[in-house]
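A short write-up of the structure that comes next.
The values are calculated or read from the model by the stated rules, or taken from the named source; none is laboratory data. Everything numeric in this text was worked out from a predicted model, so none of it was measured. Counting neighbours? That spans all protein chains shown, and the Cβs are built from the backbone with ideal geometry, glycine included.
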Amino acid sequence: MTIIDYDKLLLERLNKLPQAYVECRDTRHLWYTDQDLHLEGEISGRQRVERVLSCSRCGTVKTEHYALQTAMNGVQRLTSVGYRYTYPPEYTIPEMGRADAPREILRASRFRAGTT
Ligand SMILES: [Zn+2]
């Protein structure tokens with residue numbers, strides 16, 4: 001039986017990816033607003049509001065959904081009811097979920113990339 005070394009597989013994958021993808025995974029995305037908060041429909045009788053953000057570094061798109069609630073005193077709230085990410089091709093790294101310490105390995109791979 002072969003033992004699969006997921007740490008090494010992750011490192012090999014990281015070394016082939018655009019550094020922008022790896023940097024976003026390490027330090028989070030750089031969001032800017034594509035479409036600001038706008039009415040998008042209804043959810044369970046409440047108004048549903050949407051906002052679309054894009055990452056200026058890697059191109060990931062985040063779509064956020066909120067329910068608009070109005071309290072008895074007239075004060076409104078936007079309560080998060082979910083969000084969806086649309087990643088660029090090859091952004092998803094299946095090995096991240098199987099490696100022993102994926103974020104630490106990812107960080108070290110960026111450290112090496114910056115020193116060569
Ligand atoms: Zn990004």
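Scoring G45 on the criteria (1) modelled with pLDDT of 95 or more; (2) more than 24 Å from A113 (Cβ to Cβ); (3) not hydrophobic (A, V, I, L, M, F, W, C) leaves a single failure, condition (1).
Could you list, in sequence order, all residues of region 1-36 that are of a type in the set (A, V, I, L, M) and more than 16 Å from the ligand (Cβ to nearest atom)? If the condition is that a residue be of a type in the set (A, V, I, L, M) and more than 16 Å from the ligand (Cβ to nearest atom), then M1, I3, I4, L9, L10, L11 are the ones that fit.
Among the candidates E50, E40, E64, E95, which residue alone is of a type in the set (D, E) and either within 30 Å of K16 (Cα to Cα) or not in a strand (DSSP E or B) (or both)? Before the answer, list the steps.
Details: E50 fails: either within 30 Å of K16 (Cα to Cα) or not in a strand (DSSP E or B) (or both); E40 fails: either within 30 Å of K16 (Cα to Cα) or not in a strand (DSSP E or B) (or both); E64 fails: either within 30 Å of K16 (Cα to Cα) or not in a strand (DSSP E or B) (or both).
Criteria check complete, one pass: E95.
Taking the conditions (1) within 16 Å of the ligand (Cβ to nearest atom); (2) surrounded by 10 or more Cβ atoms within 10 Å (Cβ to Cβ) in turn, L39 satisfies each one other than (1).
Right, S44: of a type in the set (G, A, S) and either free of Cβ contacts under 8 Å to residues at least 12 places away in the same chain or exposed (fewer than 12 other Cβ atoms within 10 Å of the Cβ) (or both) or not? Show your work before the answer.
Values: of a type in the set (G, A, S): yes; either free of Cβ contacts under 8 Å to residues at least 12 places away in the same chain or exposed (fewer than 12 other Cβ atoms within 10 Å of the Cβ) (or both): yes.
Answer is yes for this residue.
Against the test of being of a type in the set (S, T, N, Q) and either within 16 Å of the ligand (Cβ to nearest atom) or under 19 Å from K8 (Cβ atoms) (or both), the options T70, T86, T115 yield a single qualifying residue, T86.
Results for (1) on the phi > 0 side of the Ramachandran plot; (2) out of contact with any Ser or Thr (no Cβ under 9 Å at 6 or more places or on another chain); (3) buried (at least 16 other Cβ atoms within 10 Å of the Cβ), shown as yes or no for each residue.
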site: T33; (1), (2), (3): no, no, no
site: C55; (1), (2), (3): no, yes, yes
site: K62; (1), (2), (3): no, no, yes
site: L68; (1), (2), (3): no, no, yes
site: N73; (1), (2), (3): no, yes, no
site: P88; (1), (2), (3): no, no, no
site: Y91; (1), (2), (3): no, no, yes
site: A99; (1), (2), (3): no, yes, yes
site: R103; (1), (2), (3): no, yes, no
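Does T86 satisfy being more than 19 Å from R110 (Cα to Cα) and without any contact (Cβ under 8 Å) to a residue 24 or more places away in the chain? No.
Go through the residues of region 4-22 one by one and say whether even a single one is surrounded by fewer than 16 Cβ atoms within 10 Å (Cβ to Cβ) and of a type in the set (F, W, Y). The answer is no, given that none of the residues of region 4-22 is surrounded by fewer than 16 Cβ atoms within 10 Å (Cβ to Cβ) and of a type in the set (F, W, Y).
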